[in-house]
Each structure stands twice: as structure tokens, then as C-alpha cells.
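**Q** I'd like to ask some things about the structure below.
Only the coordinates and a few stated rules stand behind these numbers; no lab work does. If you're wondering where the values come from, they're calculated on a predicted model, not measured in any experiment. Heads up, the Cβs are rebuilt from the backbone with ideal geometry, glycines too, and the neighbour counts pull from every protein chain shown.
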Amino acid sequence: MKFAHETLPQRVVFAPGESAAAVAAEVAALGARKAMLIASDREAALADPIAREIPVAVRHEEVVMHVPVEVAARAREAAAACGADVLVSVGGGSTTGLAKAVALTTGLPVVAVPTTYAGSEATNVWGLTEGETKTTGVDNAVLPRSVVYDATLLASLPGGLSVASGLNAMAHCVDSFWGPRADPIDRALAQEGVRALAAGLPVVAGDPAGREGIEQTLYGSYLAAVSFAGAGSGLHHKICHVLGGMFDLPHAQTHAVVLPHVLAFNAPHAPDAERRIAQAFGSDTASAGLAALRARLDAPTALKEYGMPEDGIARAVAPILAAAPAGNPAPVTEDAVTGLLRAAWEGSEPS
């Protein structure tokens, strides 16, 4: 029990049906008077009620997956041009990621309003993509000051995307058991996150608009993100960042596909983590528990279905080896990564 754990300073508000008032209160508490509201045109209907309650100086709609550097540059210019003193993001991980990119260079506070289960809102991790390379880093400046969770904002999220996004959150939990900074507190949060997500996701899949399932899944995704922020990015996330940047793959679906393969790869070398994940699933083994959940959810299975070319397997191996954490439970070799990517590309059973 010798470790150092840092708890990141952040205010979290669960406000079902009351996001507009809750965001207004958070903005007022920061003393802000010129908000840059970041929300894509797809999220406009969700952002409109919030916009009516806060002092919007500019609405910024250019949101692109994986946050290309040129998109971040234009958002930073827009923030400077309007004299923004707070950033309010309404959307999924790409929207939160863009707000973080602006905060990274401006120091502006972020109030995040998630509309998926991505979890980026609870971490101090940023990511930017240039060409085929996605770069990530850690900086407390990008940690949103406040997060407002409103279950009603996720009621229109399609069932398939809810499943993929929730499994992305599950990946945060799993990586948190063996991330480079993982400690007992991270693992405790991650175990409860697995349990909550395993309970909430089947309810969401059956009734995507039902508040009970959404709230349970939001709770799990928040715990997942907090544990991940403490533990750091493990092998799973390094793989997905490389693949996402190289092939412009959809973020949530990529995580959903890769997760069972990384779990099967690492679990035999991390018996305590394997046992605790299995307990959270209520299963004999961690992999069996995840497989049973994925079967209930009809989860994504193959990277080839999302645009990854077959020759991308060989192209991705070297960058993944370069990014893999030194302390991964299982030895990360060229053959191991190639086999893992081949199985994830084909949609084969994890082994």
C-alpha cells in the first residue's frame, strides 16, 4: 500500500432535465460573461436551451473527430476574436476534445455537457491529430472545471452508438487496472465502473431513451474516466489512438472492437485485475463476463467494418510498439501486436 494518488479538482453536477439552468449556474460561479459555445450542428437542438441561459459571445460548430490541428487552430482564433472567458462544450468526445484544445493554449475554463458516454469530460488528457498521427498529452489546464450530466440529453442517442460509447467507457475501466500510474484507488473506481456499466448498458440497449439506464451508464462512465485519469493510458488506448489517427476510424466503435482482444491478451498476466473485473461482471472470468455483455449488446466486432484496410495491420504495428507502456502486464512484441490487430480486424474470437 505504498503509492501516491492525485484526485483532480472538478465539480460534477447530475441534473436530469435541468442542464440549461445547471450550466448557467456553473458559468455564473466562474464569473464568466462571454461564453464560446462549442456544439456541432448535429447537437444544435440540445445546445439551444443552454444557449438561451448563458451569455454567448459566439457559437462554434466546426467539430471534427480526433481534433485535427487545423480545426483546433480555427477554434482558438474564434475564441480570441470574441474575447471568450469560458468555453461551454455540448456534445460527445470530439466536442469536449475541441474545447480542451482551446483550453490548452488559452487557459480558459471549460464547462462540459456530455451527450455520449465518452468520458473525456472527466480527464486532463488532450488529443490532436496531424496527418495520420494522433498525439495525446496530459495537462491540468484542459480538465473541465465543471461537468453537467443530464440524462435527457442522451435520450436521442441511437442505440448502436450508445452501446459503442458505453463500451468505450468500459475500456477506460479495464485500462485503469494496469495503466502506468494505476493504484488501489484507481482500481476501486474502475471495478465499480465496470459493474455500473454492465448493469446500465443492457437497459440502454433495450430502451435507449429510458432515464434509468442512461443515468446508470453515465455514472459508470464518469467513474471510468476518473479512474483512467489517475491510472494513465494503457495498451488499449495506445492501440486505439494509433488506429484512429492513421485510418480516421470512428472513436467509440474502434474502442468497442479492440477491448476484448486487449483484455484477453493482458488478463492471464494480471490475475488480481482479472479477478476483480470478473467479480464486477458477476462472471467466472473477466473475458467471459465481457463476452456475455457484448453478446447481449450486439457490440461491434471487426475493424474492417469501419474502414480499416487490411494492409493497415502491418502499418500500425511499429507505431503501437513505440507507444506501448513499458509496464504492460503481457510482453508487447511484434508478433503479439500483429496477432491482436489481425483478430480485431477480422472480428475473430479474442485469444
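**Q** I need the per residue convex hull volume for the range 151-295, using only the alpha carbons, in cubic angstrom as a whole number. Intermediate results must be reported in sequence, preceding the final value.
**A** Values: hull volume 14.1 nm³, N = 145.
Value for the range 151-295: 97 Å³ per residue.
**Q** Under 12 Å from the Cβ of Ala21, count the other residues' Cβ atoms, weight Lys and Arg +1, Asp and Glu -1, and hand me the total. Please report the intermediate quantities before stating the final value.
**A** Working: positive: Arg52; negative: Glu18, Glu26, Glu53, Asp150.
It works out to a net charge of -3.
**Q** May I pose another question? Would you mind telling me the antiparallel percentage of the DSSP bridges in the chain, rounded to 5? If you can, show how the numbers build up before the last one.
**A** Values: 6 of 26 bridges.
If we restrict to bridges inside the chain, about 25 percent are antiparallel.
**Q** Hey, rough spin-label estimate for Glu346 and Thr152, points 7 angstrom out along Cα→Cβ, what's it come to in nanometres?
**A** So the label points at Glu346 and Thr152 sit 4.9 nm apart.
**Q** Given the range 69-168, what whole percent of its Cα pairs are spread farther than 16 Å?
**A** Numbers: 2769 of 4950 pairs.
Summing the P(r) of the range 69-168 above 16 Å gives 56 percent of all pairs.
**Q** While we're here: Let me know the shape class of the range 1-123, please: from the alpha-carbon gyration tensor, a ≥ b ≥ c as square roots of the eigenvalues, rounded when a/c is under 1.5, otherwise prolate if a/b is greater than b/c, or oblate.
**A** Working: a/c = 1.43, a/b = 1.18, b/c = 1.21.
Note, shape of the range 1-123 comes out rounded.
**Q** Can you give me the C-alpha center-to-center distance between the range 42-111 and the range 202-242, rounded to a whole angstrom?
**A** About 22 Å separates the Cα centre of the range 42-111 from the one of the range 202-242.
**Q** Sticking with this structure for a sec: Evaluate the relative contact order of the chain (contact order divided by residue number), counting alpha-carbon pairs under 8 angstrom at least 6 apart; express in whole percent. Walk me through the intermediate numbers first.
**A** Details: 736 pairs, mean separation 52.7, N = 351.
Worked out over the chain, it gives 15 percent.
**Q** Moving to a separate point now. Toward the positive end of the charge dipole of the chain, about the Cα centre and with charges on Cβ (Lys, Arg +1; Asp, Glu -1), which of Val27, Pro208, His251 goes farthest?
**A** Val27
**Q** Just want to confirm a number: the relative contact order over the range 218-351, from Cα pairs under 8 angstrom separated by 6+ residues, in percent.
**A** Numbers: 134 pairs, mean separation 41.3, N = 134.
So the answer I get is 31 percent.
**Q** If you place +1 on the Cβ of every Lys and Arg and -1 on the Cβ of every Asp and Glu, how big does the dipole about the Cα centre of the chain come out, in debye to the nearest 20? All intermediate terms of the calculation are to be shown ahead of the outcome.
**A** Working: 24 positive and 36 negative charges, 115 e Å.
It works out to roughly 560 debye.
**Q** Treating the Cα atoms of the chain as identical point scatterers in vacuum, please give the log10 of the normalised Debye intensity I(q)/I(0) at q = 0.14 Å⁻¹, two decimals.
**A** -1.10
**Q** Ranked highest first by average number of other Cβ atoms within 10 Å, how do 91-99, 35-43, 142-150 line up? Write out the running numbers ahead of the final one.
**A** On the way: 91-99: 27.4, 35-43: 22.2, 142-150: 24.2.
So the peptides 91-99, 35-43, 142-150, ranked by packing, come out 91-99, 142-150, 35-43.
**Q** Something else now. Taking the number of other C-beta atoms within 10 Å as the exposure measure, put Phe265, Phe247 in order starting with the fewest. Before the final figure, lay out the partial values.
**A** Working: Phe265 24, Phe247 17.
Exposure proxy ranking, most exposed first: Phe247, Phe265.
**Q** Give, in nm to one decimal, the length gained when the segment between Ile185 and Ala302 is fully stretched (0.36 nm per residue of separation minus the Cα-Cα distance). Intermediate values should be presented prior to the final figure.
**A** Details: separation 117, 0.36 × 117 = 42.12 nm, distance 3.32 nm.
Computed gain between Ile185 and Ala302 is 38.8 nm.
**Q** Now for a different question. Note the angle between two axes, namely the Cα long axis of helix 271-281 and the longest principal axis of the Cα atoms of the chain, as a number of degrees from 0 to 90, rounded to the nearest 10.
**A** 60 degrees
**Q** Could you put His5, His172, His261 in order, starting from the residue whose Cβ has the fewest other Cβ atoms within 10 Å?
**A** Values: His5 11, His172 36, His261 22.
Fewest to most other Cβ atoms nearby, the residues stand as His5, His261, His172.
**Q** Taking only DSSP H segments of four or more residues, each worth -39500 (n - 2.57), what value at 222 nm results for the chain once the sum is divided by all its residues, to the nearest 500 deg cm²/dmol? Numbers along the way, then the final one.
**A** Details: 13 runs with 186 residues, N = 351.
Per the formula, -17000 deg cm²/dmol.
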